[in-house]
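S.K.: What follows is a structure written as structure tokens; I'll ask about it next.
Just so it is clear, none of the values below were taken in a lab; they were calculated from the coordinates. Quantities reported herein were computed from a predicted structural model and do not represent experimental measurements.
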Amino acid sequence: MKEVERSVALKFRYIIYVIALCSLQSCASEGGSTPKVPDVPVSRDTIPHEMPKASLNDLDLPKDSLNLIRKRDSILSLPKDTVTRSHRQLRDEQVAEYLFRLSQIKRDTTRSKDCRQQQCALWAHVILSEQKLYLYVQGQLIDTFKVSTGIKGRETPEMDKRPDGRMYKKYTSNKFPGGNYMGLGNMPYVVFISGGFAIHGTTKGNIKKLGKRASHGCIRLHPDNGRIFYEMVKAAGNKNTWVTISKS
């Protein structure tokens, strides 16, 4: 009796697989009918361990759309270090999805570029009294990052504007040249806001200081978060990005 029940269960699973495979091949849209399940002995060997996976190249999508998808997926290969998880809540797949959405917004020529703060596709709000950066995408708060802003005598000024357009993956301060993060200088993934003030990743020795005032005036982030912000600004475009720095 148990052998019969197992055979029935295996046949049912095979039917589900065939229907799913037919759907993937769009046989129904071509006027075909659901294929008849062959009357053959069913065993565990006849049922595939996993469904076939479609390649991006098999999808009927414009070339530009395929390139955007590949750009979105590439963020999943971000290098990790041992303290990343304690400094952000966003999962890698969420970051990839936000990058994809921001890239689409940048390509939308009908979208108004006259935005401020939460009206913009990407908004970073740094609150000095909290030493935190609140990150918004399309008006929705997606994460909060610890920062280090300027120490006494080198305070970070309040601002409310778009970044000035200067962005560098690899950058070292001429005025304060000490430190180097993975060959990217002491200001990796830097996004300049105005003059010498910028949002950027910090070096490993300063990660433990995040959440406290420790910089020479810039807004320091964990280097992984610095890369995420850098990539998001690049994806959204400068016209769709806004930075606010306020005391509270």
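S.K.: How large, in Å, is region 63-246 by the Kirkwood hydrodynamic radius built from its alpha-carbon pairs? If you can, show how the numbers build up before the last one.
M.R.: On the way: mean 1/r = 0.0609 Å⁻¹.
It is 16.4 Å.
S.K.: Report Rg (one decimal) and Dmax (nearest whole number) for region 149-248, counting Cα atoms only, units Å.
M.R.: For region 149-248, the Cα-based Rg and Dmax read 12.6, 35 Å.
S.K.: Starting from the amide H of residue 126, placed 1.01 Å from N in the peptide plane, find each other amide H under 5 Å away whose residue is 5 or more places distant or on another chain.
M.R.: 134, 244, 245, 246
S.K.: What are the ³J(HN,Hα) values, in whole Hz, obtained from phi via the Karplus relation 6.51 cos²θ - 1.76 cosθ + 1.60 with θ = phi - 60°, for each residue of region 222-230 in sequence order, with x given for Gly and Pro?
M.R.: Values per residue, Gly and Pro as x: 3, x, 5, 5, x, 5, 4, 5, 4 Hz.
S.K.: Using the structure shown, select from 146/170; 161/208; 170/212 the pairs with a Cα to Cα distance greater than 26 angstrom. Show your work: numbers first, answer last.
M.R.: Working: 146/170 22 Å; 161/208 29 Å; 170/212 24 Å.
Flagged as over cut-off: 161/208.
S.K.: While we're looking at this one, here's another question. Using the Karplus curve 6.51 cos²θ - 1.76 cosθ + 1.60 with θ = phi - 60°, work out ³J(HN,Hα) for each residue of region 112-127 in order, rounded to whole Hz, and write x for Gly and Pro.
M.R.: 5, 8, 8, 10, 9, 6, 5, 6, 7, 4, 10, 9, 10, 10, 9, 9
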